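The values are calculated or read from the model by the stated rules, or taken from the named source; none is laboratory data. Keep in mind that this is a model prediction, so the values were computed, not measured. Counting neighbours? That spans all protein chains shown, and the Cβs are built from the backbone with ideal geometry, glycine included.
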Amino acid sequence: MQGPYVDCSKPFKKTKECHECGEKFRRGDTKEIVEIVDDPWATKPRIVAFHSDNEDDNGTCLDKMTDTSWADFRYFICAQCDRIVARQCGSDGWRSYVKILDDEEVCVRCYQELRLAEGEPADAFEAGRVPGDFYSDSDLSINGWSLVPGYHGVHITGEVSAKRFCKQALLLIKAGHKVLSNYDSMGIGGSEGYVSLYAKGGAS
């Protein structure tokens with residue numbers, strides 16, 4: 001899915017109807033008001049409400065908010081910032097907002113903040129798959145990252161090219177540099193696409 005860009009960062013408050021099923025709340029309905037973000041970089045949450053006592057075979061509307069077994073575009077709780085975040089971009093479903101760190105789900109904002117400060121760990125490259133995310137040029141510059149010569153827009157076509165890229169990253173880490181992979185365009189899982197390698201620091 002990829003459609004026209006939709007700004008999902010603007011906050012709003014809609015608590016008179018269920019954010020899941022769209023039905024207006026009636027007298028006697030049990031609901032739970034929840035703060036969500038549909039864009040990890042949103043500065044303020046959206047305030048919505050869910051039916052919390054309308055159990056069916058798939059649970060309540062509140063249950064369905066995070067249940068990925070029956071639908072896409074669900075939400076998750078980021079293990080770093082504790083916000084309830086959309087799993088995917090609302091206008092480009094290929095853009096995932098979930099990263100795994102230490103077996104926990106974190107949002108891409110928290111992931112990028114960590115990687116912009118510390119880079120990717122060596123073990124992220126040792127499996128021969130290219131870790132990374134889509135960073136802005138301004139964030140890379142502000143945080144002191146420099147493009148590794150010869151590694152701009154490297155075309156990853158499969159296992160051989162991915163391992164070659166990862167080998168260079170590991171050599172830089174061994175030399176005392178921090179490294180970071182910036183996706184120019186990349187398929188799900190980091191197995192095919194274009195990626196640039198950045199580094200900072202180094203042995204004194």
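What number of residues within segment 84-108 are part of a loop (DSSP other than H, G, I, E, B), closer than 27 Å to Glu17 by Cβ and out of contact with any helix residue (DSSP H, G or I) (no Cβ under 9 Å at 6 or more places or on another chain)?
Within segment 84-108, residues that are part of a loop (DSSP other than H, G, I, E, B), closer than 27 Å to Glu17 by Cβ and out of contact with any helix residue (DSSP H, G or I) (no Cβ under 9 Å at 6 or more places or on another chain) number 5.
Give Asp72, Asp39 a once-over and let me know the one that is crowded, with 18+ Cβ neighbours inside 10 Å and not β-branched (Val, Ile, Thr).
The match here is Asp39.
When the residues of segment 136-177 are narrowed to those that are surrounded by 11 or more Cβ atoms within 10 Å (Cβ to Cβ) and among the charged types (D, E, K, R), which ends up nearest to Gly119 (Cα to Cα)?
Asp139
State which residue is surrounded by the most Cβ atoms within 10 Å (Cβ to Cβ) when the search covers only segment 24-36 and only residues that are outside any loop (DSSP other than H, G, I, E, B) and of a type in the set (Asp, Glu).
Among those residues, the one meeting the criterion is Glu32.
Tell me yes or no: at least one residue of segment 83-105 is surrounded by 14 or more Cβ atoms within 10 Å (Cβ to Cβ), closer than 30 Å to Phe25 by Cβ and out of contact with any Phe, Trp or Tyr (no Cβ under 9 Å at 6 or more places or on another chain).
Scanning segment 83-105 turns up at least one residue that is surrounded by 14 or more Cβ atoms within 10 Å (Cβ to Cβ), closer than 30 Å to Phe25 by Cβ and out of contact with any Phe, Trp or Tyr (no Cβ under 9 Å at 6 or more places or on another chain).
Could you figure out which of (1) closer than 24 Å to Cys89 by Cα; (2) touching a residue at least 24 places away in the same chain (Cβ under 8 Å) isn't true of Ile33?
Here Ile33 meets the rest and fails (2).
So Val154 fits all but one of (1) more than 18 Å from Tyr194 (Cα to Cα); (2) at pLDDT 95 or above; what number is the exception?
Only one criterion is unmet by Val154, namely (1).
Of all residues in segment 109-143, how many are of a type in the set (A, V, I, L, M), more than 17 Å from the chain's Cα centre (by Cα) and not in a helix (DSSP H, G or I)?
Residues meeting the conditions: 2.
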